[in-house]
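Scroll down for the structure; my scribbles are underneath it.
Just so it is clear, none of the values below were taken in a lab; they were calculated from the coordinates. Because the structure is predicted, anything quoted here is derived from the model rather than measured. With ideal geometry, Cβ positions are generated from the backbone for all residues, glycine too; neighbour counts draw on all protein chains shown.
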């Protein structure tokens, strides 16, 4: 799945990429030998190989500093068009009692890392979020119009706390209904609209959940379903999502970071 999408992203703009001078890490080195111009993604791997062979001769700390630098750069350049394409994206987040507290916050960290790639603003990407268990937890909810920039959105996500006292049941249908009535009824026309549902199990009433998902999709909203753990039923996730490519299943909340790149790609492309 990611191969063709990656190619379309990479070919959508001319690539002239400069690596930062190594003098950032090794001030004694002359600057002129540290600048690389990459005209094609096909040249990236040889350059990385050169850096690897070069850095193994230096301290491990410096090597890992440069590794994290490269990791950050590639995460930014891999999907450049996502920064300028307007969209309204809502997160529907399972907060039922079956989730372990630290796992819930791993899920929130995953969402924050996902949001961080986008240009956030009234004319760009807007974010909404709601949590649910046996009820929809409205006091930590925020809609598309609540925050005007990335810092405000990330702060709002940071204020969402784990609240398992609201029951062990997973009423996904109620949360989808809430998002449809309170988020997407206020979405902008002619922009991409996406609902991302993150859950760790089977919904309490799968037929109702499927029906509510169909109503949401009828409003031209793409639904991405993310299931975590062994209690998730793949068939239900497929019935909720807009397409099989829009279903992501992982073994644990810690594994969510493995799908973030694919999730970014599928969110940035056209109709799911």
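A few comments on the model shown:
- Leading residue by the ranking (farthest from residue 99 (Cα to Cα)) among those in segment 240-259 that are out of contact with any helix residue (DSSP H, G or I) (no Cβ under 7 Å at 6 or more places or on another chain) and without any contact (Cβ under 8 Å) to a residue 60 or more places away in the chain: 243
- Output for segment 105-129, where each listed residue is surrounded by 19 or more Cβ atoms within 10 Å (Cβ to Cβ) and farther than 19 Å from residue 256 by Cα: 120, 125, 126, 127, 128
- Taking first residues from segment 123-147 that are touching a residue at least 60 places away in the same chain (Cβ under 8 Å) and partners that are in a strand (DSSP E or B), the Cβ contacts under 7 Å between residues at least 6 apart in sequence or on separate chains come to 126/88.
- All positions within segment 178-192 that are closer than 15 Å to residue 130 by Cβ and surrounded by 18 or more Cβ atoms within 10 Å (Cβ to Cβ): 178, 179, 180, 183, 184, 187
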